[in-house]
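Right, one structure below, let's go through it.
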Amino acid sequence: MSVITASEALIVIDVQNDFCPGGALAVAGGDEIVAPINALMERFDTVVLTQDWHPADHSSFAANHPGAQAFSEIDMAYGRQTLWPVHCVQGTEGAAFHPGLQTDPAHLVIRKGFRRQIDSYSAFFENDRQTPTGLEGYLRGRGVTSVTLVGLATDYCVAFSALDARARGFGVTLLPDLCRAIDLGGSLLRQRQAMTAAGVVFG
Ligand code: VGL
Ligand code: ZN
């Protein structure tokens with residue numbers, strides 16, 4: 001029998017309770033994308049889910065910086081970092097996948113943001129843009145050359161993943177209808193422009 005490879009992977013970013021209405025860092029309409037993402041999974045030979053997975057003392061939480069406001073920015077060792085409300089704490093209901101999301105078809109779940117001192121938006125690299133999550137090696141090892149990205153949030157974890165995937169030479173399609181954005185201070189437009197410049201295809 002010959003080796004089975006699949007050149008295309010679906011990567012579903014952070015479809016978790018805290019990013020859906022009612023969650024700690026709710027993205028408007030976040031739950032609307034769940035059913036169509038489930039349907040899309042059937043069309044891919046490789047399906048990867050990511051899960052934002054922070055310790056309670058994570059440095060991206062405004063609550064862990066006395067006097068700091070959520071959605072403000074600070075300097076970290078690796079660069080600027082937005083401070084967020086406490087969200088996706090390991091083992092909590094908020095960190096769980098949306099209950100409607102099909103997780104059985106997933107081949108791999110990548111958890112990210114589990115080191116206290118560094119955030120990780122991208123599925124490929126932590127926010128220093130250098131520390132790998134291991135996803136690139138996993139995809140290459142399976143013969144994947146292009147990825148389709150969906151999930152939350154368009155302008156943070158989806159965009160960072162799309163840009164890193166392009167930088168590592170993968171073909172990247174982002175499906176805007178199956179993403180929802182935070183849109184903080186013009187971040188959605190800025191990231192759309194960066195992704196277009198990097199050769200991300202909007203499907
Ligand atoms: C995300 C902010 C903080 C995301 C995760 O999934 O886009 N955004 N952590
Ligand atoms: Zn996070």
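Listed values, structure above:
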item	result
Long-range HN-HN contacts of residue 175 with modeled amide H, under 5 Å	149, 203
In sequence order, calculated HN-Hα J values of segment 91-103 (Karplus, 6.51, -1.76, 1.60; Hz; x Gly/Pro)	x, 8, 4, x, 7, 5, 4, 3, x, x, 6, 6, 9
Other-chain or far-sequence residues with amide H under 5 Å of residue 16's (modelled H)	98
Nearest 10 degrees, 0 to 90: helix 187-198 Cα axis against the chain principal axis	40
Cβ-based exposure ranking for 107, 98, in which fewest neighbours within 10 Å come first	107, 98
In Å, descending, principal axis extents of the Cα set of segment 65-203	47, 35, 29
Most fluctuating residue given options 127, 17, 64, as computed from a GNM of the chain linking Cα atoms under 10 Å	64
Per-residue Cβ neighbour rank within 10 angstrom, fewest leading, 3, 12	3, 12
Footprinting exposure proxy for 78, 121 (fewest neighbouring C-beta atoms within 10 Å first)	78, 121
Taking the chain and dividing mean pair separation by its residue count, relative contact order in percent (alpha carbons under 8 Å, at least six apart)	25
Using θ = phi - 60° and Karplus 6.51 cos²θ - 1.76 cosθ + 1.60, couplings along segment 176-181 (whole Hz; Gly, Pro as x)	x, 5, 10, 9, 9, 10
Over segment 112-171: Kirkwood hydrodynamic radius from C-alpha pairwise inverse distances, Å	11.7
Pairs of Cα atoms farther than 23 Å apart, segment 1-147, %	40
Using θ = phi - 60° and Karplus 6.51 cos²θ - 1.76 cosθ + 1.60, couplings along segment 40-45 (whole Hz; Gly, Pro as x)	5, 4, 5, 8, 10, 7
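Each value in this text was obtained by applying a stated rule to the coordinates, not by laboratory testing. These numbers come from a predicted model, not from an experiment. Every residue, glycine as well, gets a Cβ built from its backbone with ideal geometry; the counts of neighbours run over all protein chains shown.
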